[in-house]
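Nothing in this text is a laboratory measurement; each read-out follows from the coordinates by a stated rule. For clarity, every value in this text was computed on a predicted model and none was experimentally measured. Here Cβ is always computed from backbone atoms with ideal geometry, including for glycine, and neighbour counts include all displayed protein chains.
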Amino acid sequence: MQPITPASFFIFSTALQGPTVFHVIQTSSFVNSTWAQNQGSGWLDDLQILGWDSASGTAVFLKPWSKGNFSDAEIAELQEIFRLYFFGLIREVQERVTDFQLEYPFEIQGIAGCELLSTGSTASFLRGALGGQDFLSIKNHSCVPAPEGGSRAQKFCTLVTQYKGICGIVKKLLLETCPQYLFGILEAGKADLQRRVKPEVWLSSGSSPGPGHLQLVCHVSGFYPKPVLVMWMQGGQEQQSTQIGHILPNTDGTWYLQATLDVEAAKAVGLACRVKHSSLGEQDIILYWGKPNYVGLIILAITGPCLVFLLCLALWVLRRWSYQNIL
């Protein structure tokens with residue numbers, strides 16, 4: 001595989017204007033001294049592209065381009081590395097439960113990956129947590145215990161640094177393999193990642209928050225990619241009391257979001273929902289509460305005179321035809 005230069009990364013990312021971070025997430029659950037399970041997933045920004053089958057110890061490719069430009073042999077080698085890592089982690093932790101004063105059940109979480117920076121360079125990261133609290137991180141190729149981890153984190157970092165071979169593998173994965181894989185999936189998934197679908201927007205009223213009040217709801221659906229900005233506006237000013245819901249998936253791979261605003265009924269006039277999305281370019285969608293669909297009015301304004309003209313023409317032809325028949 002040919003190495004990718006930082007300049008190549010930067011040029012590609014600028015043209016793509018899309019995701020720039022790949023990371024893997026690991027959760028290892030230790031129920032008792034004989035039962036433990038590993039779960040893993042791979043993400044391109046907030047899009048999951050990889051899973052991990054703990055039973056077979058193999059990766060699950062969720063997109064046709066999830067392998068990037070890696071060969072089957074390279075993928076098999078990486079799977080073997082992760083399989084051995086998961087197996088070794090469970091064994092080492094179970095053997096050192098007493099040493100690290102751990103009590104069943106507990107969980108170990110980890111996140112590791114790389115990011116393409118605007119400067120054209122890449123940055124790698126690795127962080128670990130124990131029971132949901134920061135435990136350690138890798139900085140400048142060294143294990144750094146988190147303050148929340150206390151003496152256990154310090155002891156663990158001391159233990160890790162003794163395994164020179166494992167540290168070397170981790171360093172190579174973060175600094176070489178991850179950037180190469182990130183570039184590969186960005187290139188292989190270009191058509192999918194650059195897809196843009198315009199949102200559909202409509203307004204409705206929700207449950208009344210009280211006498212004399214309205215709940216205004218702005219629905220935004222069918223957009224892709226996921227990042228979107230929705231806000232209720234009044235005279236060009238954002239209404240800070242706008243409540244933004246969760247972005248939910250549609251069955252076709254697009255997304256749905258709604259933004260609500262509770263207002264006094266008398267103050268609803270002039271309120272508008274504004275939607276910004278990459279598929280719209282510089283043309284935001286703005287819908288005003290209580291106003292008709294101007295697109296429909298424009299069409300009516302254009303077709304109305306045409307209909308009148310055609311009606312007059314038809315009457316003239318009919319009258320002419322009747323006159324000729326009489327003669």
For Lys198, which lysines qualify as cross-link partners when the Cα separation must be under 28 Å and same-chain residues fewer than eight apart are set aside?
-> Lys63, Lys190, Lys226, Lys276, Lys291
Per-peptide average of other Cβ atoms within 10 Å, ordering 192-200, 180-188, 41-49 highest first | 180-188, 41-49, 192-200
Provide the packing ranking of 234-241, 262-269, i.e. peptides ordered by the mean count of other C-beta atoms within 10 Å per residue, highest first.
-> 262-269, 234-241
Taking the Cα centre of each part, how many Å lie between the stretch 189-258 and the stretch 80-134?
-> 36
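Only sites in a loop by DSSP and with at most 14 other Cβ atoms within 10 Å count here; which trypsin sites (Lys or Arg not before Pro) in the stretch 48-113 make the cut? Could you put the intermediate results ahead of the total?
On the way: sites: Lys67, Arg83, Arg91, Arg96; in loops: Lys67, Arg96.
Those that pass, being in a loop and sparsely packed, are Arg96.
Just in the stretch 71-144: which chymotrypsin sites (Phe, Trp or Tyr not before Pro) are loop by DSSP and have at most 11 other Cβ atoms within 10 Å?
Values: sites: Phe82, Tyr85, Phe86, Phe87, Phe100, Phe106, Phe125, Phe135; in loops: Phe100.
Here no loop site has a sparse enough neighbourhood.
Place a +1 charge on the Cβ of each Lys and Arg in the stretch 156-232 and a -1 charge on the Cβ of each Asp and Glu, then give the dipole magnitude about the Cα centre in debye, rounded to the nearest 20.
Details: 8 positive and 4 negative charges, 47 e Å.
Dipole size: approximately 220 debye.
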So Ala76 and Ser33, fully extended at 0.36 nm per residue minus their Cα-Cα distance, gain in nm 12.4 nm
For Lys171, go through the lysines and keep the ones whose alpha-carbon is under 17 Å away, minus same-chain ones fewer than eight residues off.
-> Lys139
